[in-house]
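Beneath this line is the structure, given in structure tokens, with notes to follow.
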Amino acid sequence: MRVIVRTVSELCITVGALIVLFVAYVLFWTGVRADGAMNDQIDRLHRQWSRGRAQPTAAAPGERTVTARRPEPYRRGEAFAIMYIPRLGAGWHKPVLEGTGTGVLKKGLGHYARTARLGGRGNFSVAGHRRTYGDPFKDFPRLRPGDAVVLTDGSTWYTYRIDKGPYKTVPTDVGVIDPVPGKSGYARPGRYLTLTTCDPEWGHSHRLIVWAHLDATQPVDTGEPGALRR
Amino acid sequence: MYGWIWRHLPGNAWVKALLSLVLVLAVVYVLFQYVFPWAEPLLPFNDVTVDNQ
């Protein structure tokens, strides 16, 4: 009898300890790992950019894109840009990687592979964690129309301006990342940006969306865009 | 269970305590390195996309 009681209580203690450890892992350790991975990605990008200046692929909105050679396709799982959103904090910047798989999103924000290139015609769409793995989009609901979303690919600064959002929708609403997303208010094709994350904060029943349009581009040589200066 | 482990560890009480500590750390390492990364995607925090890829 005593053996049974002891064994059961030991099991309970073990399960309790496991749960506490798992919560610590999810809340704390994934963040530590993700911060390390994201800094690593950003360092790698900076090294890559300083080695060889990528060929300029910038195209101002409305301007016809004339590129001698096609830009290299993004490689799955590799970072190709850094995103800055001043509203989420002066120091907020995250790498953007190609693809939206679970493994990719542990290292940064993920670009939906079938959507437009950065700065390109169509809808450049990016997903990010709301919670865990560094909480990149924790303050997503604070985004407001007019806020800047600035990206660089090493050769060009792209400044997008948020037009609508945060818009709450269901997880199957793939139309939000269409080239001209429905419900966004955009009527004509253009150079758009969509950010998606989960809602509620710790849940997965809905998604939060913001839409932005490309407002300005400038070469990196001319310094940081106005939206990043304060 | 824990009493059984304690009785089967070699050495005096100090050595046993040290070995227990090593065992605990080993278990925590395995959990953080292999078990939790496997279990975590089963929770909803990874669902941030709209096309569920």
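Structural remarks
- Residue within region A:127-140 that is in contact with a Pro (Cβ under 9 Å, 6 or more places away or on another chain) and over 17 Å from A:MET38 (Cα atoms) present: yes
- Residues satisfying the stated conditions in region A:204-221, i.e. in contact (Cβ under 8 Å) with a residue 40 or more places away in the chain and either part of a strand (DSSP E or B) or surrounded by fewer than 17 Cβ atoms within 10 Å (Cβ to Cβ) (or both): A:LEU208, A:ILE209, A:VAL210, A:TRP211, A:ALA212, A:HIS213, A:LEU214, A:ASP215, A:ALA216, A:THR217, A:GLN218, A:PRO219
- Residue count for region A:108-121, restricted to those that are at positive phi and touching a Phe, Trp or Tyr at 6+ places or on another chain (Cβ under 7 Å): 1
- Candidate set from region A:187-203 (those that are within 19 Å of A:ASP147 (Cβ to Cβ) and not basic (Lys, Arg)); member that is surrounded by the fewest Cβ atoms within 10 Å (Cβ to Cβ): A:GLY190
- Considering residues of region A:15-49 that are of a type in the set (Gly, Ala, Ser) and free of Cβ contacts under 8 Å to residues at least 60 places away in the same chain only, the residue surrounded by the fewest Cβ atoms within 10 Å (Cβ to Cβ): A:GLY16
- Any hit, region A:153-169, residues being surrounded by fewer than 16 Cβ atoms within 10 Å (Cβ to Cβ), in a loop (DSSP other than H, G, I, E, B) and within 14 Å of chain B (Cβ to nearest Cβ): no
- Among the residues of region A:180-203, those that are part of a loop (DSSP other than H, G, I, E, B), within 14 Å of another protein chain (Cβ to nearest Cβ) and touching a Pro at 6+ places or on another chain (Cβ under 8 Å) comprise A:TRP202, A:GLY203.
- Considering B:LEU42, B:LEU9, B:LEU21, B:LEU31, the condition of being exposed (fewer than 12 other Cβ atoms within 10 Å of the Cβ) and over 30 Å from A:VAL126 (Cα atoms) is satisfied by B:LEU21 alone.
- Residue count, region A:101-131 (criterion: surrounded by 24 or more Cβ atoms within 10 Å (Cβ to Cβ) and among the β-branched types (Val, Ile, Thr)): 1
- Conditions (1) surrounded by fewer than 16 Cβ atoms within 10 Å (Cβ to Cβ); (2) within 12 Å of A:ALA212 (Cα to Cα): number failed by A:SER184: (1)
- Only residues that are more than 10 Å from chain B (Cβ to nearest Cβ) and more than 22 Å from A:ARG130 (Cβ to Cβ) were counted across region A:10-39, and they come to 5.
- Condition check for A:GLU78 on (1) out of contact with any Gly (no Cβ under 6 Å at 6 or more places or on another chain); (2) surrounded by 16 or more Cβ atoms within 10 Å (Cβ to Cβ); (3) in contact (Cβ under 8 Å) with a residue 24 or more places away in the chain: one failure, at (3).
- Number of residues in region A:82-116 that are closer than 18 Å to A:ARG161 by Cα and in contact (Cβ under 8 Å) with a residue 60 or more places away in the chain: the value is 8.
- Condition broken by A:ILE177, with the remaining ones in (1) at the interface with another protein chain (Cβ under 10 Å from one of its Cβ atoms); (2) crowded, with 16+ Cβ neighbours inside 10 Å; (3) in contact with a helix residue (DSSP H, G or I) (Cβ under 7 Å, 6 or more places away or on another chain) satisfied: (3)
- Selection of region A:104-136 for residues being facing another protein chain (nearest Cβ under 9 Å), of a type in the set (Ser, Thr, Tyr) and either over 26 Å from A:GLY182 (Cα atoms) or part of a loop (DSSP other than H, G, I, E, B) (or both) yields A:TYR112, A:THR132, A:TYR133.
Computed from the coordinates by the stated procedures, all read-outs in this text should not be read as laboratory data. Not measured: the values here are computed from a predicted model. Heads up, the Cβs are rebuilt from the backbone with ideal geometry, glycines too, and the neighbour counts pull from every protein chain shown.
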